[in-house]
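Have a look at the structure below, then the notes.
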Amino acid sequence: MGSIRRRTLLLVLGLLGIALGGISFLGYRDARHEIQELFDARLAQQARLLAGMIPGGMAPDARAALQEALDGGGLGAAAGEGRDAEREDGEEALALGHEYEGKLGFVVVDDQGRALLQSAAAPLGALDLLLAARSGGGEPRRLAEAGDGLAGYHTVSLHDGGWRLFLLRDARDRQWILVGEREDVRGELVGKVTLRSLLPDLVGLPLVALLVWLAIGWGLRPLARIAESLQARGPDDLSALALQDVPQELEPVVASLDRLLLQVTELLERERRFLAYAAHELRTPLAVARIHAQNALQAPDPADRAAALRLLDTGIDRATRVVEQLLTLARLEPEVSPPQMVATDLLALARNELAELTPLAYEHGQDLALEADERADFHVPGDVGSLGVLIRNLVSNAVRHTPPDGCIRVLLEATSTAVVLRVQDSGHGVPPALREKVFERFFRTGNAEGAGLGLAIVARIVELHGGTIALDDCALGGLEVRVVLPRDMAGREAGQRVSAISPSIHVGTDGRQRED
Amino acid sequence: MRILLVEDDAALGEGIRIALKPEAYTVDWVQDGASALHALTHEDFALAVLDLGLPRMDGLEVLQRLRAAANPVPVLVLTARDATGDRIAGLDAGADDYLVKPFDVDELKARIRALLRRSANRAQPVLHHGEVDLDPVNQQVSYRGQPVVLQRKEFLLLHELLAQPGRVLTRDRLQQALYGWGEEAESNTLEVHIHHLRRKLFPELIRTVRGVGYLVDKV
């Protein structure tokens, strides 16, 4: 995208250039108009002056003398002196006079079109052109017939360029006075006037550019300061930027950055804690495995060795289970893999999970049963895998904590807004004081050989589904774990990043259950 | 030498018990903090191997209460908590040694021996008493430089007596040192072992304090 500074500078200079161009054009037009008027007025004045000075009945010899003077042949000494002075003044003065003399001229004609008097650079063809234009392309009419209508200003194009003319009819002396000057005289002046007014701007533009460049740099200084502050910090420094006097435009950027840093810090802290816990919790199974391995090595007889190896095997099983649970827990972090929320039938899921767990319960001599109203709808939006883990963990927990010949009940209830799952057992329960602690990672009660992660995993899954979990006593004498999973995820706490569920999915994949 | 093992993890406790079996110790095992405190308060143990993460009472609290009651029993803490802060907390709470899981069995045994030695105020691993030498590491006894073959219980008894010369050890105390919980001793077994020891070594080594117990004189 390039530099903001360069972009802004080009923009400012571009707009400035356009504005300057517009102003100059208007100035040029205005100057030209004013100069036209002034020059036109002077033409008219000149014509009237000539009309007054040259009477119709002028003696031919006087006229010839005048004509000779105009032709530049008989300049008087006085006039010559005047010319010398003029030569010193103007650079454009030539030996014959001034070069502009070729651009100015007049002619005096009678009604028959005969030139009575003319200057050196008289626009001679102009009268014929005017007459021709007047007659509309036919035979040129005579001046006498043209009448007063022809008098006034005209602009014609002659062989040496465009001329501005003023034609005056001297009715008293029955003669016409035509005064004219070449257009480029005016054009040159207009150009010079415009250029003069434009010149300071053109010279000033680079200076303006420099100032704008510096000003943008100054304006962008807060940005540079943030950049410096970011560059200066070490890779481990994830503290907030803590900048003072942040300009209003940068506040959202700095705030977002700080929020991001905070999130990253929290994430890292959670990872660190998790690793510490994981390392801690793997030590015991490893210690078990190691001590039995060493006992096997040191065993005096084969029977002892076999016993130690069996215990070693159990120890490795345990380590494996801990690792699996740790991985399950790690995968439940939304950052690792966002859960796939689909409409899930909890009843069907519970049935499958209980079918898997029943042999375990039988092994313990326990009675395991599922109770639910078959006609009710037990669909909730959820991640099938996670919800399976939830049920499995709760039930196997109950199996582990219930003495032989005990019983375990799994109850499902459907309400309009949620599905309630209860797992009850006839075990020894959890004292009220410990009920909060059991959800902590690696908390264990008694000498159970679990990793202490089962309920932490359950709590995390419930949280991801926007549900609630509670422990209580139950009629069976042991513990009841009550999980409420909402049907509508809209009520979930903000900030949890789980893909939204479209309401249409709520109808469920199994339409028949819906129709009941 | 009687050792109390406090470990809530059944598999690990079983492993340690098996590992210590060939050693010259009687090992008793409890699985929670409250039982550990009770046992250590009411019975004589030469040493305790204590896990920290225990149900009913945390190992650290057991330790603090023991020391608060001025109980000097040497305690080897065995734990998965390996952070330096945890070790410091453990040692400051009154632990004599600290071993982090997973540990080497031979190291555990060596540390137990070292702790017992230190608690008996000895620097030498081998117990000397006149011309009798007892080596707890190799479980060997010699008299006048000649090895003497002893039964396990006889060795335990001699170890107990030689470790505290000049002190009368009651019959109960010696019974406990020889037999852990759940091991039933016949009423006259102690006398039988004493008799064997006197015969295999020399009669004057062990004196009987009638009605009270036995002692080995200070050299």
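Consider segment A:32-63 and keep the residues that are surrounded by 12 or more Cβ atoms within 10 Å (Cβ to Cβ) and not in a helix (DSSP H, G or I). The one that is modelled with the highest pLDDT is A:ILE54. Scanning segment A:295-336 for residues that are in a helix (DSSP H, G or I), closer than 14 Å to B:LYS21 by Cβ and out of contact with any helix residue (DSSP H, G or I) (no Cβ under 9 Å at 6 or more places or on another chain) returns a single hit, A:ALA303.
Taken together, B:GLU186, B:GLU204 contain a single residue that is at pLDDT below 90, charged (D, E, K, R), surrounded by fewer than 17 Cβ atoms within 10 Å (Cβ to Cβ) and assigned to a helix (DSSP H, G or I), which is B:GLU204. Of everything listed in (1) farther than 19 Å from B:ALA80 by Cα; (2) within 11 Å of chain B (Cβ to nearest Cβ); (3) not aliphatic (A, V, I, L, M), the single unmet condition for A:ARG331 is (2).
Within segment A:349-367, being free of Cβ contacts under 8 Å to residues at least 24 places away in the same chain and surrounded by 14 or more Cβ atoms within 10 Å (Cβ to Cβ) holds for A:ARG351, A:THR358. Only one entry in B:ALA24, B:ALA46, B:ALA34 is touching a Leu at 6+ places or on another chain (Cβ under 8 Å), away from every other protein chain (no Cβ under 11 Å), within 24 Å of B:LEU91 (Cβ to Cβ) and not aromatic (Phe, Trp, Tyr), namely B:ALA46. Taking the stated definitions as given, is B:LEU215 buried (at least 16 other Cβ atoms within 10 Å of the Cβ), out of contact with any Phe, Trp or Tyr (no Cβ under 8 Å at 6 or more places or on another chain), in contact (Cβ under 8 Å) with a residue 24 or more places away in the chain and part of a helix (DSSP H, G or I)? When the stated conditions are applied, B:LEU215 does not pass them.
Yes/no matrix, rows are residues, columns are (1) of a type outside the set (A, V, I, L, M); (2) surrounded by 23 or more Cβ atoms within 10 Å (Cβ to Cβ); (3) under 29 Å from B:THR170 (Cβ atoms):
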site: B:ALA10; (1), (2), (3): no, no, no
site: B:PRO22; (1), (2), (3): yes, no, yes
site: B:TYR25; (1), (2), (3): yes, yes, yes
site: B:GLN31; (1), (2), (3): yes, no, yes
site: B:LEU40; (1), (2), (3): no, yes, yes
site: B:ASP51; (1), (2), (3): yes, yes, no
site: B:LEU60; (1), (2), (3): no, yes, no
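Candidates are the residues of segment A:282-310 that are among the hydrophobic types (A, V, I, L, M, F, W, C) and more than 11 Å from chain B (Cβ to nearest Cβ); the one that is surrounded by the fewest Cβ atoms within 10 Å (Cβ to Cβ) is A:ALA303. Residues in segment A:24-44 that are touching a residue at least 40 places away in the same chain (Cβ under 8 Å) and under 30 Å from A:LEU207 (Cα atoms): A:SER24, A:GLY27, A:TYR28, A:ALA31, A:ARG32. For segment A:170-216, filtering for residues that are assigned to a helix (DSSP H, G or I) and surrounded by 13 or more Cβ atoms within 10 Å (Cβ to Cβ) leaves 22.
What do you reckon, is B:GLY13 in contact with an Asp or Glu (Cβ under 9 Å, 6 or more places away or on another chain), more than 22 Å from A:LEU286 (Cα to Cα), within 13 Å of chain A (Cβ to nearest Cβ) and at pLDDT 90 or above? Spelling it out, it is not the case that B:GLY13 is in contact with an Asp or Glu (Cβ under 9 Å, 6 or more places away or on another chain), more than 22 Å from A:LEU286 (Cα to Cα), within 13 Å of chain A (Cβ to nearest Cβ) and at pLDDT 90 or above. Is there a residue in segment A:311-325 that is away from chain B (no Cβ under 14 Å) and either in contact (Cβ under 8 Å) with a residue 12 or more places away in the chain or buried (at least 16 other Cβ atoms within 10 Å of the Cβ) (or both)? Checking segment A:311-325: at least one residue is away from chain B (no Cβ under 14 Å) and either in contact (Cβ under 8 Å) with a residue 12 or more places away in the chain or buried (at least 16 other Cβ atoms within 10 Å of the Cβ) (or both).
Yes or no: segment A:268-281 includes at least one residue that is surrounded by 12 or more Cβ atoms within 10 Å (Cβ to Cβ), at pLDDT 85 or above, out of contact with any Phe, Trp or Tyr (no Cβ under 8 Å at 6 or more places or on another chain) and not aromatic (Phe, Trp, Tyr). Within segment A:268-281, one or more residues are surrounded by 12 or more Cβ atoms within 10 Å (Cβ to Cβ), at pLDDT 85 or above, out of contact with any Phe, Trp or Tyr (no Cβ under 8 Å at 6 or more places or on another chain) and not aromatic (Phe, Trp, Tyr).
Count, please, the residues in segment A:180-214 that happen to be in contact with a Ser or Thr (Cβ under 9 Å, 6 or more places away or on another chain) and among the β-branched types (Val, Ile, Thr). Final tally of qualifying residues: 2.
The values are calculated or read from the model by the stated rules, or taken from the named source; none is laboratory data. Predicted model, so just to flag it, every value in this text is computed and none were measured. Virtual Cβ from ideal backbone geometry, glycine too; neighbours counted across all protein chains shown.
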